[in-house]
Amino acid sequence: MEWFEFGLRYTHIIFGFLGLTVFWIPILTRKGVKQHVRYGNLFLKCAYIVLGSAEISVIYKLGSFLLTGKRPADAPMEFSFALFLGYLALVTFIMIRHAILVLRYKKNPELLQTTGNRVMAVLAILASVLLVAYTITFAPPNKIILFALSPIGLSTGYGMLKYLNSTISPKSWVYEHIGGMLGGGIAFHTAFAVFGGARLFNLFLEGSLAILPFILPSIIGIPASIIWVNIYKKKYAKFGIKKGQQLMSGLDQSLPSIK
């Protein structure tokens, strides 16, 4: 099955680099213009391919553990690495999916209040809980990293449930969309810093510094996301809801179908 692993690995790498590159185009272009929509859709497609290949890789790896009789205690680093990759891919998919759905149904936000969407939110929370439970039970060598990243699923799921269970204002979809897509970008940069950057630049940190590639994108990206959302809140406050929506009017053009 070496050909399968080879194809999966390079599919993940190629579309990961492409997604990492095109992510910045919709970030830096005016919201709603053709370039924003076109490259935003390209990033979305890359993200789904990357996340799908990651989950397939995790399932394949865990399956090989079962076939060989390996237990988490037998290969703690290898098992926790697979668990981390699966967790990050799942939560990122849920995050990006929500970001696109709030945009698609911005005119009818009540259509988002479905059992399926709530299940996705709960799944993100459960993923964090299971990650913490595994880390406490088996105490893998990279437990600090797993603990540090475990709140991502909790915050994602809680934020989604809060949005779905509240009275949705006409402008809140903008904040959800921006937050979700920036969250996906943070995940892409985290994966690159952890898996790609170290090999590309031959930079392998040791000791306490080894945690930096895992948490640095979040340390930079989360405050940036908050600032970005606040910028749009100020735009709405200055121009009013109607004008603010006009500024974002082109964002729902040519969106891929999401169920």
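The values are calculated or read from the model by the stated rules, or taken from the named source; none is laboratory data. Source: prediction; values computed, not measured. Note: ideal-geometry Cβ built from the backbone for every residue, glycine included; neighbour counts use all protein chains shown. In case anyone asks, the SASA skips ligands and DNA or RNA and just uses the protein heavy atoms, side chains included. Shrake-Rupley method; radii C 1.70, N 1.55, O 1.52, S 1.80 Å.
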Mind ranking 100-111, 216-227 by how tightly packed they are, going by the mean number of other C-beta atoms within 10 angstrom, highest first? 100-111, 216-227
Report the calculated FRET efficiency for Trp3 and Lys70 (r = Cβ-Cβ distance, R0 = 25 Å), to the nearest 0.05. 0.65
When 1/r is averaged over all different Cα pairs and the result inverted, which Kirkwood radius in Å belongs to the stretch 42-100? 12.3 Å
By the mean-Cβ-within-10 Å protection proxy, highest first, 56-69, 177-190, 4-17 rank as 177-190, 4-17, 56-69
Would you kindly compute the Cα radius of gyration of the stretch 1-152 and its largest Cα-Cα separation (Dmax), both in Å? 17.8, 54
For the stretch 129-160 and the stretch 1-63, write down the distance between their C-alpha centroids in whole Å. 24 Å
Within the set Lys107/Lys233; Lys45/Lys233; Lys143/Lys233; Lys106/Lys233, which residue pairs have Cα atoms separated by over 27 Å? Lys45/Lys233; Lys143/Lys233
Percent carbon-and-sulfur accessible area, the stretch 64-192, ignoring ligands, DNA and RNA, probe 1.4 Å: 70 percent
